[in-house]
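The values are calculated or read from the model by the stated rules, or taken from the named source; none is laboratory data. Everything numeric here is computed off the predicted structure, so don't read it as measured data. Note: ideal-geometry Cβ built from the backbone for every residue, glycine included; neighbour counts use all protein chains shown.
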Amino acid sequence: MTTTQPSLSRDIAAAASANDLSAIDAPVSGGDVGAKNAALSIMIGGDTKSVQAVMPLFELLGKKIVHQGGPGTGQQAKLCNQIVIAGTMVGVCESLLYGYKAGLDLNRMLDSIRGGAAACWTLDHLAPRILQRNFEPGFSVEHFVKDMGLALEEAKRMGLVLPGLTLVHQLYQTVQTLGHGRSGTHALMLALEDLCKVHVSASPA
């Protein structure tokens, strides 16, 4: 249930099959909130019979459980998830920076935009933590940097160029350089604040 190379999951599944066993890759999303509430999103790769056999266990852990396909497809879906999170996180952090310098009440601004097309999990759960200056991890920067690196490796193998993910990956490496590798992913704000020479708070600038 970790996030790793899709090729590794396929290799493990092949080795298991050669010994009359089954292996399933089932990475998750939802962070500490999803884990505590048994509301994780679970992305599953493996043969149908084996997945059905363990489905009752997955149902104890998650709310959104989707069998993606054969071995490795759970990992591929998780990397898609991480690409979206990377782009969303930089958008959320930059909106807070912009709102702060524009003199907005950031809590009021968040209340407004989370009701429209910008609504997302990150706005609901991590933007408030940023304003509270609470960078404790639900999911750590160092693990996210690893996941983005995996996605970039897979993209290169498939002949894809992902400039947005490349940029966010570099920004998160800066977060690590600043000593926040074990902070939560929303600590991206710290790198952007360092770049802009701004310290965001809930009160207008």
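Pairs meeting the criteria (first residue in the range 101-130 and over 22 Å from GLY31 (Cα atoms), second residue hydroxyl-bearing (Ser, Thr, Tyr) and assigned to a helix (DSSP H, G or I), beta carbons under 9 Å, at least 6 apart or on different chains) are LEU104/TYR98; LEU106/TYR100; MET109/SER95; ILE113/SER95. In the set (1) within 30 Å of ARG133 (Cβ to Cβ); (2) surrounded by fewer than 16 Cβ atoms within 10 Å (Cβ to Cβ); (3) of a type in the set (Ser, Thr, Tyr), the condition left unmet by TYR100 is number (2).
With respect to the conditions (1) polar (S, T, N, Q); (2) touching a Leu at 6+ places or on another chain (Cβ under 7 Å); (3) at pLDDT below 95, SER203 lacks only one, and its number is (2). Residues of the range 51-63 that are over 22 Å from TRP121 (Cα atoms) and crowded, with 17+ Cβ neighbours inside 10 Å: VAL51 alone. Which condition breaks for GLU136 when tested against (1) under 11 Å from HIS186 (Cβ atoms); (2) surrounded by 17 or more Cβ atoms within 10 Å (Cβ to Cβ); (3) under 17 Å from the mean Cα position of the chain (by Cα)? For GLU136, the exception is condition (2).
May I ask you to list the residues in the range 11-34 that are over 22 Å from the mean Cα position of the chain (by Cα) and surrounded by 13 or more Cβ atoms within 10 Å (Cβ to Cβ)? Steps first, please.
Of all residues in the range 11-34, those over 22 Å from the mean Cα position of the chain (by Cα) come to 11-23.
Across the range 11-34, the qualifying residues are ASP11, ILE12, ALA13, ALA16, SER17, SER22, ALA23.
Out of all the residues in the range 85-102, is one or more among the aliphatic types (A, V, I, L, M), within 30 Å of ASP47 (Cβ to Cβ) and either out of contact with any His (no Cβ under 8 Å at 6 or more places or on another chain) or outside the structural domain of LEU150 (by TED's automatic domain parsing) (or both)? Within the range 85-102, one or more residues are among the aliphatic types (A, V, I, L, M), within 30 Å of ASP47 (Cβ to Cβ) and either out of contact with any His (no Cβ under 8 Å at 6 or more places or on another chain) or outside the structural domain of LEU150 (by TED's automatic domain parsing) (or both).
Is there a residue being touching a strand residue (DSSP E or B) at 6+ places or on another chain (Cβ under 8 Å), more than 28 Å from LYS101 (Cβ to Cβ) and at pLDDT 95 or above anywhere in the range 172-193? Within the range 172-193, one or more residues are touching a strand residue (DSSP E or B) at 6+ places or on another chain (Cβ under 8 Å), more than 28 Å from LYS101 (Cβ to Cβ) and at pLDDT 95 or above. Residues in the range 35-49 that are crowded, with 18+ Cβ neighbours inside 10 Å and out of contact with any Lys or Arg (no Cβ under 8 Å at 6 or more places or on another chain): ILE44, GLY45, GLY46. Among the residues of the range 64-80, is any buried (at least 17 other Cβ atoms within 10 Å of the Cβ), assigned to a loop (DSSP other than H, G, I, E, B), touching a Lys or Arg at 6+ places or on another chain (Cβ under 8 Å) and on the phi < 0 side of the Ramachandran plot? Yes, some residue in the range 64-80 is buried (at least 17 other Cβ atoms within 10 Å of the Cβ), assigned to a loop (DSSP other than H, G, I, E, B), touching a Lys or Arg at 6+ places or on another chain (Cβ under 8 Å) and on the phi < 0 side of the Ramachandran plot.
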